[in-house]
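What follows is a single structure, written as structure tokens, with notes after it.
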Amino acid sequence: MTNAKSSRLRSVIAAICATVTMMVPFSASAAEPNVDKPQKPENGKVRIAVVQQDSVPGAVEENRAKAIRFAREALRNHADIILFHEALLVGYVPNILELAEPADGRTTRAFQEILKGTESLVLYGLVERDGEDYHTSAVLVDSDGATACYRKTHLWWRAEGARHEPTFFRAGEELVTFKVKGHKCGVMICYDGDFPEMTRAYANLECVMLFWLNNRGSRGHGEVHPLVRANTMIMATCCCCGKNEAGNECRGGSNITDKDGSLMAEIWDKEGIIYADVDPSTVPDARKQNPWYRGQRQDLYR
């Protein structure tokens, strides 16, 4: 065989071998591709996950199942706390009270089940039934069940139907605080946050993080920024998206804002989860240097 023929033969054999190698099916024992995997937050930091969910008004089972799927995803990404919007399961349908459940009811137990074996928390909006009373509430859940329940203290009145909240709900009478990885936090619901005194009250309680649940057209960073700037606190704000009970489109605008007012994450016009790793330990010293906080005269504001 001539050298030229030999060279051509070697080339053909090499090409055949390359083709055969490309056709070998994937084997479970083969090395995994080098892809990025979620890493846990750095020591001292808290990973916040805010879920912007398109809940179908009144479709309790469907909305619960979707929320559990979102929560599982956030847990896979090592979230320390997972925030959902106000009235997550129900919305504001005419039969809203018929769909209410207790704070330790089925939805809380469903979240509790997926939190087992973790130190993570879920904070979600519930149309709560407590005996003969009803509240629009935020329930905090860990692996042991409901650990705190905040009941909306400012009820929205400028609306008709189920959104005229005083017709359906009893207002809460107290602020609620809780700890996330040792850091003191507060919670408020929708209309609560339209009163700047609410955010200031939590700052005066030495909360370093504040979680704000909403069910309205949108609640973007522009509405959060002045509250953070005045009080030096990390804020996680959650709003719904999709169509509400009247068929109006909700854009969301869920966001996570750092203590200085800078935007860390935001989502508009779609479902999804946003994340941010925050350092609450830096809040107290920064607050002491905030001229819009430090100069207050609480003795005059009564």
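The values are calculated or read from the model by the stated rules, or taken from the named source; none is laboratory data. All figures in this text were calculated on a predicted structure; none of them were measured in a lab. Every residue, glycine as well, gets a Cβ built from its backbone with ideal geometry; the counts of neighbours run over all protein chains shown.
Couple of notes before you dig in:
- In the range 249-298, the residue that is farthest from I82 (Cα to Cα) out of those that are over 20 Å from the mean Cα position of the chain (by Cα) and of a type in the set (K, R) is R297.
- Residue count for the range 63-80 satisfying the condition of being in a helix (DSSP H, G or I) and either aromatic (F, W, Y) or touching a residue at least 40 places away in the same chain (Cβ under 8 Å) (or both): 9.
- Single residue of R76, R64 found to be at pLDDT 95 or above, on the phi < 0 side of the Ramachandran plot, among the basic types (K, R) and loosely packed, with under 12 Cβ neighbours inside 10 Å: R76
- Filter result (of a type outside the set (G, A, S), in contact with a Ser or Thr (Cβ under 9 Å, 6 or more places away or on another chain) and in a loop (DSSP other than H, G, I, E, B)) within the range 85-111: H85, E86, L88, L89, V90, P102
- Yes/no for G222 being closer than 19 Å to F195 by Cα and either of a type outside the set (F, W, Y) or buried (at least 19 other Cβ atoms within 10 Å of the Cβ) (or both): yes
- Within the range 254-285, being farther than 22 Å from L126 by Cβ and in contact with a Phe, Trp or Tyr (Cβ under 7 Å, 6 or more places away or on another chain) holds for one residue alone: A265.
- Any hit, the range 106-126, residues being in contact with a Lys or Arg (Cβ under 8 Å, 6 or more places away or on another chain) and either more than 24 Å from I273 (Cβ to Cβ) or at pLDDT below 95 (or both): no
- Pairs, first more than 11 Å from Q53 (Cβ to Cβ) and in contact (Cβ under 8 Å) with a residue 12 or more places away in the chain in the range 81-105, second crowded, with 19+ Cβ neighbours inside 10 Å and among the acidic types (D, E), C-beta under 6 Å, six or more apart: A103/E128
- Selection from the range 235-246 of residues that are touching a residue at least 60 places away in the same chain (Cβ under 8 Å) and either assigned to a helix (DSSP H, G or I) or more than 16 Å from G272 (Cα to Cα) (or both): N244, E245
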